[in-house]
Structures are given as structure tokens and as C-alpha cells.
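Okay, so here's the structure we're looking at.
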Amino acid sequence: REREREETLLVVRRPSRSSLAAMGACHGGQCGQELGWGDRDVWVEEVTGRRRALLVGINYRGSSSELNGCINDIENQKQVLIEHYGFVESDILMLLDDESRDRRPTKDAIIAGFKWLYTDAGSGDLLFFQYSGHGSQIMTFRGQADCICPLDCLHRPWPDSVIVDSEIHQHLYEPLPLGCKAIALFDCCHSGTVANLVVKRDFGAQAPKGRYMKPPQELKVTEAHLVEVAGSGIRKAVTREEYAGHQLWVFSGCQDNQTSADAHVDGSYQGAFTWAFIKALRSDVWHESYIDLLEQTKTNLRGYTQIPALTTTLDSYLASWYAGRTPQAPVTKSLELDVGHRKALLVGINYRHTRNELRGCINDVNNQKSILKAAYGFQDGEIMMLTEDECQSNWPNKARIVEGMQWLLKDARPGDLLFFQYSGHGSQMTDSTGCEPSGMSDCICPLDCDKPWPEHIILDTELHQHVYSELPDLVKLVCLFDCCHSGTVANLECKRAYEVGPNAMSPQSYGATRFLEPPAHVATPSRPSAGRAFGCGRRSAMKPASGFRRSVAGSDTYGNKLVWVYSGCQDNQTSADAYEDGQYQGAFTWACIAALKSSRFSSDHGALLNSIRDKLRKRYRQIPALSTTTREHFSRYYLGQKQPVYLPNRSWF
């Protein structure tokens, strides 16, 4: 059940050939798959025009539906937009129920606000809308319609005083010009199926409320109240064909059958979703791709049962930088250190002659070894290879991998450069700490993982213990994980027609996922009791941070570390074991090496991540990710290589 809920985190659409043509993405008779329908040549990442924001917050003061945190949501969001995303106060319209009467958030005022938002909007602009308040649903002749609840819905008849989903489509989605970006946040809920807010935390006297308003009992469906429901709700309607050319991202604070919490967090009343959203932006110093932002917001909401959602028009837009702000800080000499000693631990596991067999993992680390030696100055004696091709003492069983981690960190000193790659299966097992919002802990799967779990897998906490926590200050560590830690995508998602599985007939049609189903006895998510999920700080010795990648971003534990952790896919995706350039290899490792080659092996981390995503976008749906400890680290050179390296063409390139 938990995995089914996770699958609804993201909703994206794959456009038809006609919609691609309308976007200008078809050239010379080629569309979609031939071109790579997410190519960046049809749009510009950065915001080149003006910025405008419409912010609506309603506390319904003095009514039986009163909330406490909605106005604070809007004040906090306004501060973020001005201080970090280039908005100016004169281009922000706020409709709050503590404003003067002509600025109060009535239905007419909100509709007028939509028109103001789009006045003279054009290509290169960025428009932002947030609504914090009650949501609801009303019955129509076409079924239930989502709606938001302006202030005057308290005393005026419904549905005339609420804004239904079809009106959101009409006034917010449909007018969006081509080339203009729009972001919408709805911190409310549209379902009464959860009558009381269910949370995993004991809040005491400051228990949160659900942001859902029940329709008036006297509301009856008549011809006069007929509402045209143009799509499936406020969020999911974004995937409709008519919006295919729009650059539109819509966040919702919860799933359609959940409530969004009006809570007391960090000393003030505010929406749990807005608080978690802004905290996610802050943790990566205001630089996030949309999908990373969604994942971190979800993590921040642990302790609440609400699961945030994101809908956009093209899946390539998930990898775009939020609000067009790319992590491009100037590189100075102070950011780079001369490289001292080098060490690399490379682990590749194909699980030969088992039902979990893969084909590309050993090739991954062999190719990586060649790159490290030819372009980055590593020597054979500085590289430990753990694969099934090595002598039996170097087979990648759990004990040997842990020994390799200890070897990697041994005698490390400031200025040293360490590299770790794992290519193989990832998985998850039941979390025993109560600190994982999903109830599952990430792990990687050594060769002997066919023996009992967890004794023969490596949990995220063990990697923290043996690698991240042991890393001395001023020692650089780069980690690559070409695996996946989620089974929510049961089959390989890619943009080519693949035969899935190790028995595919031809190499070109081969594709498999690097996720290993856990044994049944550790496959069930844990269900933390009240208060347990927010006891993580008190149990930090057991679970200082979660995951292999996310734990390094915005972490007090690793804040002074020089760590970069790449992952081949997002937490709710699968990483492909594929066939590229004439050999079996991981799609992520192939794209990483191709990106390094195209930069002549000299690239900062932020540019490298973008290049990897560009190469994967044309063939696969997995979106690689990068976490590091500060914004400036995005601009440091990958493996400290500041000068281009010119090498003869080699087959492993």
C-alpha cells in the first residue's frame, strides 16, 4: 500500500507528435523519439524576462473554519521570492484576510489577480501562484469537482463563491504563453475522505488542522449550479493535451485522498507543506531541480501522513532548476585545493548465474578505472577493484566491501581525493529506527546478499558509519551509485522499446532494472507509533541521516565535508542496466563518461550533472541526481581537474 501511494508522487505526460509539432520540437519531419522530445532547444532554462507572483492566504478569522498558518505561509513565501529568486515587491500581489477591504481574498479578487498575473506576460517570464487556505469538493452532474475556498464562501452560496477546478484551468493554465514559465503551489486539500488529520507525531496541545472545508449541507445540485468540469482536478489536469506546449509545474501539499496540515512548526503557525517546501529550498541553498525539490519536501514532511505531489507537462521538465535559478557560482582559487594522494574503490556486481543477473556492472567499473587512470592521474596501486572477475578474495561480498571502505579512508589527509563507485542492485528493507517517512531503509546488495538480510546487505547507516562520518576535513570524496533504491517502478521506464530482462533476444533490445526485491520478511514498511518518527534526533546514534545521497545535503552532521554523491536516478525511479556503444553498461555510468568526454574531462559538478541529464533524457526516463553540502560545491571541478585533457579515441569512451 505504501508503494502504491509513492507511485502517485509524480504525474507527467508524454506528448504526441502533433503537440510536439505545435511546440516547435519537430524538425525535418522528425519528432519525439527520433529527436529526444525533451531536448532543451525548444526552451530556455533561465528566466530572461520579468517575474510576477500572486500569493493568496486565508485564515478565515472568527469563523468555525478558522486556520492559523495560511497568512504566515504567504509572508514566508514572499520573503523567499524577493531574497532568493529575483522578484521585486511591486510585482507581488498579496491577497490576505488581514489586508484592506479591496485586497481581501474574495473570489472576484482572486480572479482579478489571475488576470493581473498574465497582463503582458510573454516568453522568458516567470509567473508564480500560491494558494494557502481551505480546499473542498462539490458534487456536479459530472461527478466531484475540486475547488478552493475564497473568503466570501463563508457567507455566499456555493458554488458561485468557490473557485472550481475548471476555473483554475481557465484563468491560470490556459492563458500561459509559449516560453513563459508558471509555478503553482496549492497548500490545501480537496478531499474529505480523511475526516480527521492523521499524523505520526504527538503534537500535544498544538495539534494541526486539516485544510479542508466541508460544503454547506444545504448545497443541492440544480441546473443553476451546473459546473463544467474540464479536467480531473486542479493538479492532474496539467497532463491534458491542450497544455502540452506549456512550461507549467503544479505542486500540491498532499495526495487527492489526504489532508494538508495547518500546523505549528519552528515556533509559528504555518502550512506543513509550505514549511517543508521552503526548508527544502534552503537546504540546497535555494538551488533545486523540481524533482529533487519534491523528494526533499517529502522527506521534510516525515511525521505527517501527507505526501506532496508534483505535476508537469513534460517529464524532461522535472530535471529543470526550480524558478530557473541554476547553481552557477563563480569558481575561485579558494574553492579548489591541490590534489594530494588519490584512492578509488570500484565495486561492480553482475550476480552471474542467478535470477538477479545483470550484464553491465563490471563494464561500468572497468570503464571508470580507465577514465580515472587516463584523465585524472590515478595509478593501478591506488585503485581497488571488487568484481566477480577478480580473484575470489576480491569478490564483492559484504565483508570485503566494508574492508574496501576502510582501506579507502585509511591515512586520508587534507588535500587527498577519494572516489567510490557502486554498480549493482540496490534495494530497501524494513526500517527499524522509525526515522524513515516511507518506513523503508535504503541498501546496496553485495554478492552474498542471497544470504540472510540485513547481515549480508549494506544499509545507508553503514555507509555513513564507514565512509561519510570517517571522512576528514578537507579531503574530497566523490561517490557514484548506479543502482536504484525503490521498487515503486516495477518495469523499466525508458523512451525506447526494450525487451525487459536478462533473456532479451538481442543486445540492442536489452534492458533491466538495478533493483533487487527484498525478502518477504523485510519487505513491509514499518509503521512508526505516535511520536516515534519525530524522535529521530534523540535516536541519532541509530539513524543520523537517511539515504545514500540526500543525507549529505543540508546536514549538520556533514556540513563541513567535501562530499559529492551522484545517484543514477531519483528515489522513486529505476536505474537501467542497458546496452550502449556496443557493450552492456549502466545507462547512468555511460552518460557520465560520455559527459566527461564531451567536456574534455574538465567540468564543474553542476555542469556535469546537467550534461549527464541531457544525454539520458533522449533515451531514458531516469533522472540522475547530485547532492553536496553547500552551494559553492556545485562549482568545484569534478575530481579537481581544472585543465582540459586531450586523449586519443579509445573504445571505452
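The values are calculated or read from the model by the stated rules, or taken from the named source; none is laboratory data. Please read all numbers here as calculations on a predicted model, not as lab measurements. Note that each Cβ is placed from the backbone with ideal geometry, even for glycine, and that neighbours are counted across all protein chains shown. With ligands, DNA and RNA removed, areas are computed over all heavy atoms of the protein, side chains included. Shrake-Rupley method; radii C 1.70, N 1.55, O 1.52, S 1.80 Å.
Data for the structure
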{"read-out": "Tabulated pairs, the range 414-429, first within 28 Å of Trp453 (Cβ to Cβ), second among the basic types (Lys, Arg) and part of a loop (DSSP other than H, G, I, E, B), C-beta under 6 angstrom, 6+ apart or interchain", "value": "His425/Arg514"}
{"read-out": "Residue that is least open to solvent (accessible area, probe 1.4 Å), among those in the range 56-100 that are assigned to a helix (DSSP H, G or I) and of a type in the set (Asp, Glu)", "value": "Asp73"}
{"read-out": "Strands (runs of 3 or more DSSP E) contained in the range 101-191 and holding at least 2 residues at pLDDT below 90", "value": "135-140, 143-148"}
{"read-out": "Filter result (surrounded by fewer than 20 Cβ atoms within 10 Å (Cβ to Cβ) and closer than 29 Å to Gly124 by Cα) within the range 157-178", "value": "Gln170, His171, Glu174, Pro175, Pro177, Leu178"}
{"read-out": "Failed item, numbered, when Leu127 is tested on (1) surrounded by fewer than 19 Cβ atoms within 10 Å (Cβ to Cβ); (2) of a type in the set (A, V, I, L, M, F, W, C); (3) over 22 Å from Ala261 (Cβ atoms)", "value": "(1)"}
{"read-out": "Residue that is farthest from Ala272 (Cα to Cα) [pool: residues in the range 48-77 that are of a type in the set (D, E, K, R) and out of contact with any Asp or Glu (no Cβ under 8 Å at 6 or more places or on another chain)]", "value": "Glu66"}
{"read-out": "Members of the range 608-643 found to be open to solvent by 10 Å² or more (accessible area, probe 1.4 Å), more than 15 Å from the chain's Cα centre (by Cα) and under 14 Å from Tyr317 (Cα atoms), listed by number", "value": "Asp614, Arg617, Lys618"}
{"read-out": "Within the range 382-402, tally of residues that are polar (S, T, N, Q) and open to solvent by less than 20 Å² (accessible area, probe 1.4 Å)", "value": "1"}
{"read-out": "Within the range 403-460, tally of residues that are buried (at least 23 other Cβ atoms within 10 Å of the Cβ) and of a type in the set (Ser, Thr, Tyr)", "value": "5"}
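Matching residues to (1) among the polar types (S, T, N, Q); (2) surrounded by fewer than 19 Cβ atoms within 10 Å (Cβ to Cβ); (3) under 25 Å from Tyr317 (Cβ atoms); (4) modelled with pLDDT under 85:
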site	(1), (2), (3), (4)
Glu517	no, yes, no, yes
Thr524	yes, yes, no, yes
Ala530	no, yes, no, yes
Cys536	no, no, no, yes
Ala553	no, no, yes, yes
Gly559	no, yes, no, yes
Phe588	no, no, yes, no
